[in-house]
Amino acid sequence: MMSTLDPHESLSLGQPSVDKNFGSLLADIAVRSAEFEQQRYISDDIISRFKQIGIYRALVPKIYGGDECSPGEFCQLIEQIATADGSAAWVASFGMSPFYLGALPRDTQKTLYGDGPDVVFAGGIFPPQRAPVENGGYRVSGRWRSASGCMGATLLGVGIMPEGSQPLPRMALLPPSSVEIDPTWNTVGLAGTGSHDLVVNDVVVPQEWTFIRGAALNLEGPLYRYPALSLATQVLSVVAMGIARAALNEIYAIAHRQQSVTGAPTLAERPQAQMQIARCEAELLSARTWFYQAIDEVWQRLLAGDDATAAQVNTLRLSSTHVTRVSAKVARQVLALNGMGGIELTSPLQRYVRDTMVITQHAFMGELTYINAGTLFFGGTPLPGYLS
């Protein structure tokens with residue numbers, strides 16, 4: 001069985017030297033959170049260090065030089081980055097891109113990873129733009145929203161709808177030199193993700209550099225039979241988890257030193273605060289345990305050669321939405337515990353609340369999760385794509 005990560009431990013992908021580099025990276029990210037929020041993207045040197053510690057090769061097949069780690073290991077890694085900064089973790093989470101890019105033809109994948117496994121992919125699929133067929137490819141033009149991490153990407157994707165009756169959109173892949181990034185991202189939370197608009201003007205993309213989003217992967221092994229949409233949801237859910245842990249760590253750091261102007265006991269000595277923090281820990285750790293248990297059950301089934309059942313995929317999706325909502329609740333309650341100190345914009349607790357709020361707004365974490373999950377519990381059929 002996969003051992004889950006203690007929330008106070010550090011995890012990385014490999015050798016002792018990588019462990020040391022990972023700890024140093026987390027410390028630097030935490031110090032520079034305000035920088036990322038102000039400039040509204042993660043700096044290039046951090047993206048380079050993500051490459052060095054193996055973020056972008058973590059889920060790449062070993063045949064292309066990747067690590068092919070388990071979904072649980074990757075989620076734990078992103079969770080740890082989120083304790084330092086939510087936006088940095090959000091950008092790092094797109095290291096799960098092999099679950100998109102694996103749908104490319106195998107020859108294209110060989111070319112893609114020809115210079116190494118550390119491909120930094122970002123993209124915006126919505127709204128899918130009509131793309132006429134031309135010269136064995138598609139003529140692509142349009143604007144796409146919310147391309148998280150696009151500022152540091154080495155490969156960009158946009159959503160297209162080729163002529164005909166194809167029900168699912170394609171992703172067309174382009175080099176950054178063929179795409180204009182319009183810095184439109186201006187939000188209350190996750191500001192550092194740089195989720196700007198992508199603009200493409202009349203570029204022909206060869207068909208072999210496109211893939212149907214949601215198509216079967218041209219990759220072999222248990223990892224690539226893991227439900228792709230579930231993983232795409234989970235790598236975002238753990239960002240909320242890591243932020244909630246950061247919020248708890250922050251309140252622990254100030255609980256003994258925060259003095260009341262009336263001479264009342266410190267925060268750590270107040271029974272109401274003690275009860276509230278205990279409830280926060282219980283709720284977060286319970287939701288986290290269920291989340292990783294759901295991953296492990298599916299992973300063990302895949303290792304045994306079987307596919308995940310509908311009930312197991314439902315648990316993956318529901319536990320992801322649940323832990324996201326719990327994490328946001330914990331962040332808000334910790335902010336309230338801090339009293340007047342939490343109202344200052346310089347308080348990291350303010351950023352934690354804003355960031356977790358944005359994650360609950362993501363389509364993967366919406367109310368439809370509960371509707372689909374409830375439908376399945378009652379023996380019905382969920383909406384298309386929910387069990388992917």
message: Condition check: in a loop (DSSP other than H, G, I, E, B) and more than 25 Å from residue 212 (Cβ to Cβ). Does residue 67 satisfy that?
response: yes
query: Pick from 124, 159, 149: which is buried (at least 19 other Cβ atoms within 10 Å of the Cβ), touching a Leu at 6+ places or on another chain (Cβ under 6 Å), closer than 30 Å to residue 39 by Cα and touching a residue at least 12 places away in the same chain (Cβ under 8 Å)?
result: 124
Residues of the range 320-354 that turn out to be under 28 Å from residue 374 (Cβ atoms) and touching a residue at least 40 places away in the same chain (Cβ under 8 Å), as a count: 12
message: of a type in the set (A, V, I, L, M) and out of contact with any strand residue (DSSP E or B) (no Cβ under 9 Å at 6 or more places or on another chain): which single residue out of 122, 58 fits that description?
response: 58
Flag if residue 139 is closer than 27 Å to residue 316 by Cβ, of a type outside the set (Gly, Ala, Ser) and not assigned by TED's automatic domain parsing to the domain that holds residue 293: no
query: From 164, 194, 221, which residue is under 27 Å from residue 60 (Cα atoms) and more than 17 Å from the chain's Cα centre (by Cα)?
result: 221
- request: May I ask you to say which residue of 189, 116 is at positive phi and in a loop (DSSP other than H, G, I, E, B)?
  value: 116
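Among 219, 231, 236, which is the only one that is in contact with a Lys or Arg (Cβ under 9 Å, 6 or more places away or on another chain) and touching a residue at least 40 places away in the same chain (Cβ under 8 Å)?
Unique residue meeting the criteria: 219.
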Top-ranked residue in the range 294-314 [being free of Cβ contacts under 8 Å to residues at least 24 places away in the same chain and assigned to a helix (DSSP H, G or I); ranked as farthest from residue 374 (Cα to Cα)]: 301
- prompt: Considering the range 31-64 alone, what residues qualify as being among the hydrophobic types (A, V, I, L, M, F, W, C), within 30 Å of residue 182 (Cβ to Cβ) and either outside any loop (DSSP other than H, G, I, E, B) or in the same structural domain as residue 197 (by TED's automatic domain parsing) (or both)?
  reply: 31, 34, 36, 46, 47, 50
- prompt: Restricted to the range 197-218, and to residues that are more than 23 Å from the chain's Cα centre (by Cα) and of a type in the set (Asp, Glu), which residue is surrounded by the most Cβ atoms within 10 Å (Cβ to Cβ)?
  reply: 208
query: Which condition number does residue 135 fail, the rest of (1) of a type in the set (S, T, N, Q); (2) modelled with pLDDT under 95; (3) under 30 Å from residue 63 (Cβ atoms) being met?
result: (3)
- request: Evaluate the range 277-299: report whether one residue or more is under 15 Å from residue 83 (Cα atoms) and aromatic (Phe, Trp, Tyr).
  value: no
message: Quick check on residue 221: is it of a type in the set (Gly, Ala, Ser), at pLDDT 95 or above and surrounded by 15 or more Cβ atoms within 10 Å (Cβ to Cβ)?
response: no
statement: Taking the range 367-387 and keeping only residues that are within 22 Å of the chain's Cα centre (by Cα) and surrounded by 13 or more Cβ atoms within 10 Å (Cβ to Cβ), one is left with 368, 369, 370, 372, 373, 386, 387
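Suppose we filter 84, 89 for residues that are within 14 Å of the chain's Cα centre (by Cα), crowded, with 20+ Cβ neighbours inside 10 Å and outside the structural domain of residue 320 (by TED's automatic domain parsing); which single one remains?
After applying the criteria, what remains is 89.
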message: Can you tell me which residue is surrounded by the most Cβ atoms within 10 Å (Cβ to Cβ) among those in the range 181-191 that are of a type in the set (A, V, I, L, M, F, W, C) and under 15 Å from the mean Cα position of the chain (by Cα)?
response: 190
statement: Expected single match for out of contact with any His (no Cβ under 9 Å at 6 or more places or on another chain), among the charged types (D, E, K, R) and closer than 27 Å to residue 381 by Cβ among 317, 288 is 317
Residue 195 vs. criteria within 19 Å of residue 93 (Cα to Cα), touching a Cys at 6+ places or on another chain (Cβ under 8 Å) and at pLDDT 95 or above: yes
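The values are calculated or read from the model by the stated rules, or taken from the named source; none is laboratory data. Just so we're clear, the structure is a prediction, and the values are computed from it rather than from any experiment. Every residue, glycine among them, receives a Cβ derived from its backbone with ideal geometry; neighbour counts consider all protein chains shown.
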